[in-house]
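To keep things clear, I will list the structure first and then write my remarks on it.
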Amino acid sequence: MRTATRALHAAPSAIRNPNDTVLGSMKLRDGANRDALSRFGDDTWDLDPAIFNRTAGNTVRMIDFSPIACPVERLTAKEYIYAWLNERLPDRADRLRPLSARAALATLRRFMTFARERLGRFSAADIDQDLLDAYLAGLKARSLQPRRVAACLQPAVQLHRLACFLTHGGLDFMPWNGTAPFKVAGCGGRPDENRTPRIPEPVIGALLRWSLRYVEIFAEDIFAAREELDRLESDNATHPRKAGRGRVEDRLADWIERRRRAGRGIPVWTEPERMGGICGTIARDGCLAGAVLNIRLIALQCGMHPTTLIQNKRAYRLLLDAVTELGIEPGGMDTPIASDPDSGRPWRPRFDAFALANEERHLQTAAYILCAYLTGMRDGEVQAMRPGCLDRRRSADGVIERLTIRSTVFKGRQAQGTPEEWVTIPPVMRAVEVAERLAARHRPGREDNGIWTVLHRTSARDLGVPHVVQQINRYSAHLDRRFGTAEDPAIPRVNGERWAFNTRQFRRTVAWYIANRPFGVVAGKIQYKHASVAMFDGYAGSSASGFRQEVEQEHRLGQLDDIVAHYE
């Protein structure tokens, strides 16, 4: 290993002018102000004007070089990212996508840190193959996946490839004698078989069944409850009712009498551990200990402010006496609850405001699952859907009605993506309608928003649902709590563990099922926008992988077959 031969001092770039435009060679979104684009001399670069995927998180739209303390490392990092974004080299390798620049900078900084710790300072001229081998060994010792190791090796390759664009120089030798990083990392070449695990049939069958139930049955209750709560809040905001002490007691007495005649208890929060303060009061009498009265809902239904009710001691005593007489009712809103088709009982207790917000998130998740699984769209393609993306048309002979979804494909396309259509089925149409209706209430007043948005967050900066994977796994856990038992969970366990979902698994799983039906490979190629039948066959699984043998052992697809047959 070489030793550091000289001290490196900060100096301006010998390659770039501070006023060079960072996105000068990039295609920009319509309306982007070129005069306001980030310049090379800035320590923070805004790449948003060149990012067309509007659902990408805000954190990836900016890259900040200021945390890099060493001036040499900071200049090298800026020149490295700038060159990779803008320069076209004879090797015809792809330029860095703006959406990937933040990750590329993070990977470079990790390599710089390793080199600095070994050499005393970061100096590309003092890096040799021994140091690269030590870096590779350290990555493998962390038990990283080979593809992740390959990504971490990219800075070594790019520091050689982009050396002529770096003021302090890059690697003056070809790392690993030109062997591709994915081979060095042990990936064994580009695999023909997709490594994303398929969701087991019992798991995806149960998840689909409950998601269909949410969208087709439970959604009506959720929307009705939201309309009820909005109406109560609007009435109290529009017509504030100020009443004297006796009037408060009379109004509360009338409300209690209506509950008595209806055979209903006094509202309490369905999750008391989350409530308290002005929104709830703990009832400590006898068997009611621990229940939290939903003072907020009671006040709304009586047409008064919660503080007014709590501060009126006689009215509050009247309320506690009613708890003793009538008992309690979890939730407490008036919206009736539909029956679960399996049990014949209401699918949940009545709503309160907190439970309603939670159920809206679960309903959005159910709609996302149906869209992602039953269309085969990637996450970015699902979240790129816009209001009005559904199209219903008949065939030329007027006999067959086709449902299509319009969205944008980004993978393997130009930065701005290309519009595409997916043929779909009625449950997806309903899921899209549900997602649009949920988003309409929460969508900020911006034209670039789609039908997926973060619900119940006043300062949601990201477009789309950036944490959708966590949301799907929370939904799975919710189904177990609400509809399952320890012995019989709503979502079957795999080897005793709850299945960990990610968005790639939906496309992977349905691709395999389609490929293993008659003419499925051709259908899959059309539906999934792959460039060739062979490409789709590799995606869905080849016979050499053993998938065909698995299909022979699984003649009965259970609920999945029932769902498909119902809509064929």
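Just so it is clear, none of the values below were taken in a lab; they were calculated from the coordinates. What you see is a predicted model; the values in this text were computed from it and never measured. Here Cβ is always computed from backbone atoms with ideal geometry, including for glycine, and neighbour counts include all displayed protein chains.
Long-range amide H contacts for T424: which residues qualify at under 5 Å (H placed 1.01 Å from N, peptide plane, sequence gap of 5 or more or a different chain)? Amide H neighbours of T424: L403, T404, I405. Phi-derived couplings, Karplus 6.51 cos²θ - 1.76 cosθ + 1.60 at θ = phi - 60°, listed residue by residue for the stretch 123-140: 9, 4, 5, 9, 7, 10, 5, 4, 5, 4, 5, 5, 5, 4, 4, x, 5, 5 Hz, with x used for Gly and Pro. With R₀ fixed at 25 Å, the C-beta to C-beta distance from A338 to R504 puts the FRET efficiency at about 0.15. Scanning residues 5 or more positions from V454 or on other chains, those with amide H under 5 Å from its amide H are G464, with H placed 1.01 Å from N in the peptide plane.
Between V409 and T418, E420, the built amide H atoms are under 5 Å apart, and every one of these is 5 or more places off in sequence or on another chain.
The modelled label-to-label distance between R39 and T307, using points 7 Å beyond Cα along the C-beta direction, is 5.3 nm. What the Cβ-Cβ distance of D480 and R147 gives, at R0 = 35 Å and to the nearest 0.05, is a FRET efficiency of 0.65. For the pair the stretch 286-347 and the stretch 117-145, the centres of their Cα atoms are 64 angstrom apart.
Karplus-based coupling profile of the stretch 39-49, in residue order and whole Hz: 10, 4, x, 6, 8, 10, 10, 9, 9, 4, x, with θ = phi - 60° in 6.51 cos²θ - 1.76 cosθ + 1.60 and x standing for Gly or Pro. In terms of its C-alpha gyration tensor, the stretch 131-219 comes out prolate, because a/c is 1.5 or above and the ratio a/b outweighs b/c. For the stretch 345-369, the residues whose backbone nitrogen is under 18 Å from a point 7 Å from the Cα of N473, taken along Cα to Cβ, are 362, 365-366, 369. Modelled this way, with points 7 Å down the Cα-to-C-beta line, the labels at R264 and C70 are 6.8 nm from one another.
Rounded to the nearest 20, the size of the Cβ-charge dipole of the stretch 105-180 about its Cα centre is 440 debye, with Lys and Arg at +1 and Asp and Glu at -1. Length gained on full extension, E487 to M174, computed as 0.36 nm times the residue gap minus the Cα-Cα distance: 106.8 nm.
Here the label points at V423 and L119, each 7 Å from Cα along the C-beta direction, are separated by 5.8 nm in the simple model. Near D340, once Lys and Arg are set to +1 and Asp and Glu to -1 for all other residues with Cβ below 13 Å from its Cβ, the sum equals +2.
Sequence-ordered 3J(HN,Hα) estimates for the stretch 96-109 from the Karplus curve with 6.51, -1.76 and 1.60 and θ = phi - 60° stand at 5, 6, x, 5, 9, 5, 4, 5, 5, 5, 4, 5, 4, 5 Hz, glycine and proline given as x. Positive contributions from Lys and Arg (+1) and negative ones from Asp and Glu (-1), summed over other residues with Cβ under 11 Å from the Cβ of D46, come out at -1. Under the combined filter of DSSP loop state and at most 10 neighbouring Cβ atoms within 10 Å, the stretch 11-98 retains these trypsin sites (Lys or Arg not before Pro): R88, R92.
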